[in-house]
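Have a look at the structure below, then the notes.
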Amino acid sequence: PDQIQEAHYTDLIGFQMEDTELGMVGLIEAVLEYPQQWLAVIQYQEKEALVPLNPHFVKQIDVPGKRVRVTLPEGLLTL
C-alpha cells in the first residue's frame, strides 16, 4: 500500500475517505496538525468527525483516484 509522508497529509484535502467496513464515509475537508497526530476533518452523517491519520488506521492512499482507504475502530465516527 502507498503511504504518505506526514508533511504531506495536507495534500489529502479533497480526497474521499473510504472505510474497509463502512465504505465511503466522507470528503476530507481539512487536515489539522496536533502535537501527537494529524487529524482529517470529514462530514459523516451531517456531523463533523475527526479521524486520526496514522498507519494504524490509514491502509492505502490512492493519489490518482483521490481516495484514502482506512480501517477505523468501531464507534469512532459516532463519538
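Read-outs throughout are calculated quantities, based only on the coordinates presented, and are distinct from any laboratory measurement. Owing to the predicted nature of the structure, the values given are computational and were not obtained by experimental measurement. All Cβ positions, even for glycine, are placed from backbone atoms using ideal geometry, and neighbour counts span all protein chains on display.
A compact table of results
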| item | result |
| --- | --- |
| Relative contact order (%) - the chain, alpha-carbon pairs under 8 angstrom, separation at least six | 29 percent |
| Cα shape, the chain, gyration tensor, a/c 1.5 rule | rounded |
| Charge dipole magnitude, Cβ of K and R +1, D and E -1 - the chain, Cα centre, debye nearest 20 | 80 debye |
| C-alpha center-to-center spacing [region 31-62, region 12-29] in angstrom | 9 Å |
